[in-house]
1. Considering only residues that are within 30 Å of T299 (Cα to Cα) and either β-branched (V, I, T) or part of a helix (DSSP H, G or I) (or both), which ones fall in the stretch 357-381?
2. Collect the residues in the stretch 134-157 that are open to solvent by 10 Å² or more (accessible area, probe 1.4 Å) and among the small types (G, A, S), keeping them in residue-number order.
3. Does at least one position in the stretch 367-374 carry a residue that is in contact (Cβ under 8 Å) with a residue 40 or more places away in the chain, of a type outside the set (A, V, I, L, M, F, W, C), closer than 15 Å to P411 by Cα and open to solvent by less than 70 Å² (accessible area, probe 1.4 Å)?
4. Find the strands (runs of 3 or more DSSP E) located wholly in the stretch 9-84 whose residues include 1 or more that are surrounded by fewer than 15 Cβ atoms within 10 Å (Cβ to Cβ) and touching a residue at least 12 places away in the same chain (Cβ under 8 Å), and list them.
5. In this structure, is A354 under 30 Å from L295 (Cα atoms) and either in a helix (DSSP H, G or I) or at pLDDT below 95 (or both)?
6. Filter the stretch 112-141 down to the residues that are acidic (D, E) and touching a helix residue (DSSP H, G or I) at 6+ places or on another chain (Cβ under 9 Å) and list them by number.
7. Residues of the stretch 81-102 being more than 27 Å from E40 (Cα to Cα) and of a type in the set (D, E), which ones?
8. What are the residues in the stretch 252-284 that are open to solvent by 50 Å² or more (accessible area, probe 1.4 Å) and over 23 Å from L229 (Cβ atoms), if any?
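The values are calculated or read from the model by the stated rules, or taken from the named source; none is laboratory data. Remember, predicted model here, so these are calculated numbers, not experimental data. Cβ placement follows ideal geometry from the backbone for every residue including glycine, while neighbour counts extend to all protein chains displayed. Just the protein is used for accessible areas: all its heavy atoms, side chains included, with ligands, DNA and RNA removed. Shrake-Rupley method; radii C 1.70, N 1.55, O 1.52, S 1.80 Å.
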Amino acid sequence: MSRYHGEGTDAERTFTALPPARGRGFAQTWWGLAWLTALEGTALDSQQLKAGRRLARAGAVGAVSVRPGRITAVVQDRDRTARRADVLLQELTGEQWDRFLDMAAERAGHVAALLDREMPTHLVEDAELAGVELLPGLGDLEPECECGAWDHCGHTAALCYQVARLLDEDPFVLLLMRGRAERDLLDALQTRGGTSGTGGRRAEAEGVDAAEAYAAGAVLPSLPALPALPEAPGTPPSLDTETPPAAGIDPGALEFLAARTAAEAHRLLAEALRDGHERQAVAVEPTVAEDAVRLAAGTPGRAVEDRLAEGSGRGRDGLAVAVRAWQQGGAAALAVLDEEWAVDGEALARARAALDSAWEEDERPRLRARANRWTVVGAPVQLRLGRDGRWWPYRKERGRWTPAGAAARDPATALATAEGAAGE
């Protein structure tokens, strides 16, 4: 990926051109993002930054040369015109390097992290306490380009975006820009007792100083990638063993609960992975009565269903109706089944307006109203108004009002659903 030229502070690394970066960010590490912040917080023309991102994503940045105080690359415009772009970064002074090396040599964890191509935040913070700024700040990335722009242009921006990718892979690139090549840096640390002289392998000293580990306790690592959604919920282990269960323990009920928990976890993960999930309101936890119906909707065995029917106080027939409501619309549909509430004030005015506009004068059914329920006179169908303004279709079966379908904003649509179900 790269090669060295020269020795000492004249060292230079040249990185071959990277492939296009379509479909990914330019920086994944916190130090790569800090590099881009120094660029994007300084550039005066956001359009030039956008142009730079397009060029970098398209693979228009050639081989990148990194040496103390400067990075260089040839960048091709969209018309294939080649421009040499340079970005300058102030080198650290000899005194600053001495302070940095003394600080790093005292903490084996810092050296080990660098050898693992990591730049932990506590390394940068300790360097700052020693008076050494490793990461560039606003205004520290100075552009020079053949196109003649005095500020960051698309060419120098593209170079910076490409270098962010290099920094992600190897923070020694930043240290070279600040004035020291990797080999020189490790040799200097070895002299101070900071490494074992392995010249690129992990230091022999394992672990981290206790005081350093405690100080870094509040430093959070980068978030992992989002998990992929499994094709189906997991299968809980079987509880069918030769050992008899303890008194009062029903293995069948436990297996059912475990299976429903796995199904619910799968559903919640699917919702969390959908775009825009973070903008959705947090769902209210179901009550015990609602959860009994939710569990019953999971087709339990007869013994578990009997326990749910008894525990919910609904009985088998009442639980079956509640399950039907849950399947039509969850907790909202269950509330419409169970609640009878007075519609008055603004809610009543809106309901009457919806009913008046739902049908032509000669087609409007005769409705008898009671609370939030409008029953068609002479027919086994009914409309129920939810507190959210939606209309729910109901039909009468064996003397009991039962849900007939999903809710609708239009009462005529809901009534047509109820009439269709009644005619089946």
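1. Of everything in the stretch 357-381, just one residue is within 30 Å of T299 (Cα to Cα) and either β-branched (V, I, T) or part of a helix (DSSP H, G or I) (or both), namely V381.
2. G137, G139, G148, A149
3. Scanning the stretch 367-374 turns up no residue that is in contact (Cβ under 8 Å) with a residue 40 or more places away in the chain, of a type outside the set (A, V, I, L, M, F, W, C), closer than 15 Å to P411 by Cα and open to solvent by less than 70 Å² (accessible area, probe 1.4 Å).
4. none
5. No, not satisfied.
6. Matches in the stretch 112-141: E118, E125, D126, E133, D140.
7. The answer is E95, D98, D102.
8. The answer is L254, E255, V284.
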